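Okay, so here's the structure we're looking at.
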Amino acid sequence: MNDLIPVGATAPDFELPASDGTAYRLSDLLKRQLALLVFYPGNDTPG
């Protein structure tokens, strides 16, 4: 099974907490402004 999202595809909606505990949902942010999503490997992971 391939779970990769193709380059240029619309990102699925998701919600993540900020460091202060405030929850941010992608769909809510996109109502007000553009968003750039950047993903990087976590600490202590190869790559």
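Here, each number is a calculation from the coordinates, and none is a lab measurement. Values in this document were obtained by computation on a predicted structure and should not be read as measured data. Cβ placement follows ideal geometry from the backbone for every residue including glycine, while neighbour counts extend to all protein chains displayed.
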Open item on the list: If I ask for residues that are surrounded by 10 or more Cβ atoms within 10 Å (Cβ to Cβ) and not in a loop (DSSP other than H, G, I, E, B), which ones from the stretch 11-32 would you list?
Closed with: GLU15, TYR24, ARG25, LEU26, SER27, ASP28, LEU29, LEU30
Task: Subset tally (residues that are in contact with an Asp or Glu (Cβ under 8 Å, 6 or more places away or on another chain) and touching a residue at least 12 places away in the same chain (Cβ under 8 Å)) for the stretch 24-47 - done: 3
